[in-house]
Structure formats: C-alpha cells, structure tokens
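Colleague: One structure, as structure tokens, below. Some questions next.
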Amino acid sequence: MFVSDALNVNEKGHLTIGGVDTIEIAEQFGTPCYVFDENQIRKNCQAFVSSIEENYDGKGLVCYASKAFCCKEMCRICDEEKMGLDVVSGGELFTAIKAGFPMGKVIFHGNNKTYDELLMAVQNNVGRIIVDNFSELEMLEGIAKEKNITVPVLLRIKPGIEVHTHEFIRTGQIDSKFGFALETGEAMEAVARTLNAKFLELRGVHCHIGSQVFEIDPFKLASSVMAKFIRQIRDETGVEMKELNLGGGFGIKYLTTDNPEKFYEYVRCVSVVLKRECEKQGINLPFILFEPGRSIVGAEGITLYTAGVVKKIPNIRTYVSIDGGMADNPRYILYQAQHEIMVANKAAWEKDCAITLAGKCCESGDLIAENAPIQRVHVGDIIAVLSTGAYNYSMASNYNRLPRPCAVMVKDGECREIIKRESYLDLIRNDI
Ligand code: LLP
C-alpha cells in the first residue's frame, strides 16, 4: 500500500513512520519537518553490502552518494553499516570529516573541483579521487607532487549509454558535462596521461549512467562496455585496472504504482555480466564500487507540512497551500517529479479528492503536486509528502528567506532531531 515499509496507519487513523505517529512528530518538532526511518535506511545499506557479498565474494565497496541527503548523522550511519561515502564538494567532505568518517573510504567526485577542494581531499588522504577532466588531472598532479603524496585515482568515463530518465539526470551519454568520452579516444588519452603522472596511482575507471533508472539492462550494458575498456587499456598500456566503479542511479518508488527492482537483482545481474565479460576478455575481476544515493534514503523519508489555506476555484481546481514548498522540495519545479501526498491525520480515509499542493513562495510554479489524489483537506491538517528522503533537504534553499526545516530520525519508536530547524538568526548570520 505504501511506498516504504516504514509507513503505516495506526488505530487513530494517523500515518506512522517507524511506528511513530506523524501527528505527534508534527506537534513535537513543528512543520515543515523532514522525517526519516533509520531502521529502513540501515536495511537498504545492508541489502547492498550483502548483495555484493553473496554475488561478488564481497569484493566491492558501496559508497553512499551523500548528495542525496548529507548530514553528520548519515555519515555515522553509513560508517556503522560498513559503507563508503561519495562526496562531491568541499562541503560534503567537511561534513564527513567532522562526523569522523574514515577518509580511506571516501571517494571524491565533481566536474569542476577547485584547487582548494582537491588540496583538502589530498591533505585528508581521501581514498579515491574520481578525476573528471584534463584540467583536474593536471591540477591534482601538481598538488600531489607538491605534497609528495601518491594519490589514488579513478577516471570518470562516459560509456555512451542513454537511459530513460529525466534529461537533467541522464549522464552516461557523450553530450554530458561529466567525464571523458570513450568514443573520441579521450578516455584512453586520460588513462595514458594518468599512468605517466608519477604522483597519481591509477586504480581504475568509473561510470554513472543516470539517476532514477528502473531498468537493469543499461547497468548490464555499462558493465560490459567498461570491462571491454579495461581490456583495451591492458592491451594498449600493459596495465590492468584493479577497480571498476559503476556509479548509482537505482530507481525507487515515488508512486505506489512504481515497481523498482530490488538492489539484489541489480548487483546479481551486474555480477553475472562482469564475470562473463571478464572471462571473455581474459582480465581479472575488478574490485567493484557502487554509489547509491536515492535508493538508500529516498523512500525512507517524508515531509510533514501544515495546510494553511484551501482555495477552491470553481470548475478549475483546488489549491491547498502548505507552510513549505519549492524551498524545501524543488523537485516538482525542476523535474515535474511525482510524489504521493496524503492527509497524515486522515490516513485511513479514502483519497476521494484531487488537489494542487502549493508552496508558500512568491512564485506560481511553486507547487509540490498537481491534480494529486488525497483525502479531503481542511485548514490545519497535517499533509505528508512521501519519498522525500533524497534530494529534498540537500537541494533546499532559503528562497523568500524561509528557514530550512529540521530533520528528525525515527528509530524503534523513538524520535530525535538530527538537523535543527534554521532560525531567523541563521538567515542573517552572514549579512553585513
Ligand atoms: N554517482 C554519481 C556520479 C552521480 O552523479 C549520482 C547522482 C549518484 C552517484 C547518485 O545517484 P542516485 O543513486 O541517487 O540516483 N537531484 C536529482 C538527482 C540528481 C542526481 C545526481 N547524481 C533528483 O532529485 O532526482
């Protein structure tokens, strides 16, 4: 019935998450409020880690893509679950450092890492830097040389694979700002240059085909394209790549009708293809890395809002305005993303109305859902938007000087704040 096993309805007819009444959470912490279920997040981590153990003899590392939802507590949870961490900025790296995350298990991504960010990564002995382009390669080599440190590197490759997902989150095709292209020979040139760089240790290659991908075939194809590339590298340079990072992008349930594959299936299929292809190419099985973000946290988080206004426009539509919107969830305005919505205090009622859920920003496009089925809404109701665990808090802004909401973690019937609500003082902290 629900997009996540964490969600249910209690005897009062209220939506629960991790066994806790969402109405009590709203009363205790206020709205808007992001709420996450810790047990379910941990289960997702464990599902990935054990899939690699079962299908690939444990020769791999699952690095949580922290861009999906980054805070110190997520870093701590990932560490406890034996995960690595994918960071894409000095800010995400700083968060990991402050959370005490083991730096050897951090991988650093980005298509325009600055000098300062690279220096920070090198000085903190980040486990792997995923180099995206030639300028970065040069800059990184300079830093490594100056610091007299050998830096472990993977190269980001565009494998030339198109996937069926929103064009903004498609990344594997040649027309992309990310990585070195295979087709043009750029990727091989990057390999040669890295092998020549004395202070860089080329560990392997990386690709990421896109995000919210439901099909398994593009992942299988990427694995086989990359295995062939590893063989080509060996043939042309005599060096065999030890690691293959296949990125993230595994689709999740946003609507109850969505039917994503289990992680286990992705890992199993990719393992089968890799084993077959490596044997065919006569290369050793590489150590594999994955970078799931959305599939770790996306369906395990919800946002609670309070309905402030119900505006019926006869024969047109009914707008329900909430105390948040595009500032805490810009996914509808960016991608026309679909999320299930419900009245949390009437979760047992039938969804016999259709509304447009509007935010409170001064912008007509500030919507969370259009024509979405929901229970009858009254002013003061608590509205839950589901599957907001990924790319909501992390993409939130202070537009209209709205303070970012707090984030609450639920575990075994208990709640605790993991990110405080911003105050008005926070908003002017850097004003001069
Ligand atoms: N690795 C790389 C290199 C990536 O670029 C991404 C996502 C991931 C891993 C994690 O992908 P995931 O498993 O979370 O799908 N803001 C968009 C999603 C942008 C994804 C960017 N890269 C959204 O709200 O749908």
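Colleague: Of everything in region 99-132 that's within 15 Å of the ligand (Cβ to nearest atom) and charged (D, E, K, R), which residue is surrounded by the most Cβ atoms within 10 Å (Cβ to Cβ)?
Modeller: Arg128
Colleague: I'd like the residue in region 235-269 that is of a type in the set (Asp, Glu) and away from the ligand (no atom under 16 Å from the Cβ) and, out of all such residues, is most open to solvent (accessible area, probe 1.4 Å).
Modeller: Glu236
Conditions (1) under 23 Å from Ser211 (Cβ atoms); (2) under 21 Å from the mean Cα position of the chain (by Cα), marked per residue:
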| residue | (1), (2) |
| --- | --- |
| Thr16 | no, no |
| Thr31 | no, no |
| Ile41 | yes, yes |
| Asn44 | yes, yes |
| Ser51 | yes, yes |
| Asn55 | yes, no |
| Gly58 | no, no |
| Val62 | yes, yes |
| Glu81 | yes, yes |
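Colleague: Does Lys275 satisfy the criteria of being part of a loop (DSSP other than H, G, I, E, B), basic (Lys, Arg) and either in contact (Cβ under 8 Å) with a residue 40 or more places away in the chain or open to solvent by 60 Å² or more (accessible area, probe 1.4 Å) (or both)?
Modeller: Answer is no for this residue.
Colleague: Here's another thing I want to ask about it. Among the strands (runs of 3 or more DSSP E) lying completely within region 300-394, list those that include at least 3 residues that are within 16 Å of the ligand (Cβ to nearest atom).
Modeller: 301-313, 367-374
Colleague: I've got another one for you. I need every pair where a residue in region 67-85 that is under 10 Å from Ile41 (Cβ atoms) has its Cβ under 7 Å from the Cβ of a residue that is basic (Lys, Arg) and more than 14 Å from the ligand (Cβ to nearest atom), sequence separation at least 6 or different chains.
Modeller: Filtered contacts from region 67-85: Ile77/Arg42; Glu81/Arg42.
Colleague: For region 224-256, give me each residue that is part of a loop (DSSP other than H, G, I, E, B) and either under 27 Å from the mean Cα position of the chain (by Cα) or under 27 Å from Glu340 (Cα atoms) (or both).
Modeller: Met241, Lys242, Leu246, Gly247, Gly248, Gly249, Gly251, Ile252, Lys253, Tyr254, Leu255, Thr256
Colleague: Right, something else. Looking at region 139-165, I want the residues that are open to solvent by 10 Å² or more (accessible area, probe 1.4 Å) and modelled with pLDDT of 95 or more and have a partner that is of a type in the set (Gly, Ala, Ser) and in a loop (DSSP other than H, G, I, E, B) with Cβ atoms under 6 Å, at least 6 apart or on another chain. Which pairs are those?
Modeller: Here the result reads Glu141/Ala197; Arg156/Gly179, each pair linking region 139-165 to a residue that is of a type in the set (Gly, Ala, Ser) and in a loop (DSSP other than H, G, I, E, B).
Colleague: Only one of these is away from the ligand (no atom under 16 Å from the Cβ) and open to solvent by 10 Å² or more (accessible area, probe 1.4 Å): Glu201, Glu215. Name it.
Modeller: The match here is Glu201.
Colleague: On to the next question. Looking at Gly210, is it more than 26 Å from Val151 (Cβ to Cβ), open to solvent by less than 10 Å² (accessible area, probe 1.4 Å), among the small types (Gly, Ala, Ser) and touching a residue at least 24 places away in the same chain (Cβ under 8 Å)?
Modeller: It is true that Gly210 is more than 26 Å from Val151 (Cβ to Cβ), open to solvent by less than 10 Å² (accessible area, probe 1.4 Å), among the small types (Gly, Ala, Ser) and touching a residue at least 24 places away in the same chain (Cβ under 8 Å).
The values are calculated or read from the model by the stated rules, or taken from the named source; none is laboratory data. No experiment lies behind these values; they were computed from the predicted model shown. Glycine gets a Cβ as well: all are built from the backbone with ideal geometry, and neighbour counts include every protein chain shown. Side chains included, ligands, DNA and RNA excluded: accessible areas come from the protein's heavy atoms. Shrake-Rupley method; radii C 1.70, N 1.55, O 1.52, S 1.80 Å.
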